[in-house]
1. Considering only residues that are surrounded by fewer than 22 Cβ atoms within 10 Å (Cβ to Cβ), part of a helix (DSSP H, G or I) and either touching a strand residue (DSSP E or B) at 6+ places or on another chain (Cβ under 6 Å) or of a type in the set (Asp, Glu) (or both), which ones fall in region 96-138?
2. Out of (1) open to solvent by 70 Å² or more (accessible area, probe 1.4 Å); (2) at pLDDT 95 or above; (3) touching a helix residue (DSSP H, G or I) at 6+ places or on another chain (Cβ under 6 Å), what's the single condition that is false for Glu87?
3. Tell me yes or no: at least one residue of region 49-61 is of a type outside the set (A, V, I, L, M), over 20 Å from Ala174 (Cα atoms) and at pLDDT below 95.
4. Where in region 168-284 are there strands (runs of 3 or more DSSP E), lying wholly inside it, with at least 3 residues that are open to solvent by 50 Å² or more (accessible area, probe 1.4 Å) and touching a residue at least 60 places away in the same chain (Cβ under 8 Å)?
5. Does at least one position in region 150-166 carry a residue that is of a type in the set (Lys, Arg), out of contact with any Ser or Thr (no Cβ under 7 Å at 6 or more places or on another chain) and part of a helix (DSSP H, G or I)?
6. Being within 21 Å of Thr191 (Cα to Cα) and open to solvent by 10 Å² or more (accessible area, probe 1.4 Å) is the filter here, so list the residues in region 10-30 that pass it.
7. Do you know which of the residues in region 57-76 that are open to solvent by less than 80 Å² (accessible area, probe 1.4 Å) and among the acidic types (Asp, Glu) is farthest from the chain's Cα centre (by Cα)?
8. Go through (1) over 18 Å from Val177 (Cβ atoms); (2) open to solvent by less than 30 Å² (accessible area, probe 1.4 Å); (3) not hydrophobic (A, V, I, L, M, F, W, C); (4) not in a helix (DSSP H, G or I) and name the single condition Pro141 misses.
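The values are calculated or read from the model by the stated rules, or taken from the named source; none is laboratory data. Small disclaimer: the values here were computed from a predicted structure and weren't measured. Heads up, the Cβs are rebuilt from the backbone with ideal geometry, glycines too, and the neighbour counts pull from every protein chain shown. Heavy atoms of the whole protein, side chains included, go into the accessibility calculation; ligands, DNA and RNA do not. Shrake-Rupley method; radii C 1.70, N 1.55, O 1.52, S 1.80 Å.
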Amino acid sequence: MRALILGGAGFIGLHLAERLVEDGHRVVLVDDFSRGRADERLSALGRNPSVEVRSADLTTESAWKTLPRDVDQVYLLAAVVGVRNVEADPTRVLRVNTLTALHLVDWVRPGHQIFFSSTSEVYAGGVDAGVVPVPTAEDVPLMIADVKSPRLAYAVSKLTGEALVLHGARARGATAVIGRFHNVYGPRMGTDHVIPEMALRALSGEDPFRVWGADQYRAFCHVDDAVEAVVRLMATPAADGEIVHLGNDREETNIADLARLVLSMADSTASIQVLPAPARSVHRRRPDLGKLRRLTGYEPAVPLVEGVRRTFEWYRDQPATTGAGSPRAAAPASR
């Protein structure tokens with residue numbers, strides 16, 4: 001099998017590429033490197049004869065004309081993500097994420113199998129309004145609480161992408177599955193997300209240790225489990241045309257307890273300073289994985305303590321990352 005991974009130098013993209021190569025597949029990895037890292041891990045993957053790495057701006061029609069069409073699977077992971085990036089420039093989020101999905105729909109051909117990366121952020125408005133239960137299933141009503149909110153531009157862009165890919169694939173004789181990721185974390189995810197951002201601050205000796213939205217709850221999913229779920233979905237014909245949650249529903253933690261876990265790994269005795277939750281940050285998020293289980297038999301395998309330990313150790317051992325990831329005084333990380 002030959003796979004095209006769009007956004008393949010990013011967090012989930014690179015882990016997915018490594019897994020597909022390990023499974024014996026050929027991979028074409030495409031990224032504009034605005035967020036994905038051209039680091040040694042990517043270089044090592046690129047030295048594999050089964051891998052081709054390309055640089056391209058997927059918002060331009062001309063870039064798509066250079067992509068190989070003789071592929072079996074197409075994974076669209078390229079997007080502007082992260083609360084800081086979204087709030088800083090919501091117009092860019094809408095433009096990049098929507099144009100990329102639109103060009104994909106114009107580019108696909110019969111027989112292509114598409115995976116589109118979406119997000120649990122699409123449920124935030126309904127959960128906060130009290131009309132969507134937690135744990136959350138895929139068939140609940142969706143709502144955008146305030147179209148003027150910069151943070152919600154990401155959810156809007158992903159809902160638009162879902163509709164484009166599902167309808168466009170059907171019209172062009174391709175198949176597609178939508179995966180709504182729920183709080184995926186792990187090594188090499190950058191520094192603007194809650195677990196690595198906490199790890200870096202704990203390693204720096206911050207005291208008191210700032211925790212935004214300490215009473216909020218999340219069900220975090222290690223990237224190895226997320227990739228396993230994606231691979232299983234793409235191997236399941238019954239998943240065609242479905243929207244499916246990807247995550248870990250076995251463990252749920254509040255953010256204060258997550259902070260204590262990270263501090264313990266840093267051997268820190270810092271006190272916790274509770275700060276207000278980020279604006280439009282949903283109080284609780286946990287997926288219902290019933291559909292994913294029925295389709296694929298998937299079960300999350302990486303416990304939270306083990307996953308956080310792996311992530312913490314990776315950031316601890318990345319001196320260049322710790323310098324670039326110095327926390328900002330009033331900038332809570334994405335979750």
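1. Selection gives Asp106, Asp128.
2. For Glu87, the failing item is (2).
3. Looking for residues that are of a type outside the set (A, V, I, L, M), over 20 Å from Ala174 (Cα atoms) and at pLDDT below 95, one finds none in region 49-61, hence no.
4. Details: elements: 175-181, 209-212, 243-246, 272-275.
Correct list: 272-275.
5. Let us first name the residues in region 150-166 that are of a type in the set (Lys, Arg), namely 151, 158.
Remaining after also requiring out of contact with any Ser or Thr (no Cβ under 7 Å at 6 or more places or on another chain): 151.
Within this subset, residues satisfying the condition of being part of a helix (DSSP H, G or I) are 151.
Scanning region 150-166, I find at least one residue that is of a type in the set (Lys, Arg), out of contact with any Ser or Thr (no Cβ under 7 Å at 6 or more places or on another chain) and part of a helix (DSSP H, G or I), so the answer is yes.
6. Gly10, Phe11, Ile12, His15
7. For region 57-76, the residue satisfying everything is Asp72.
8. (2)
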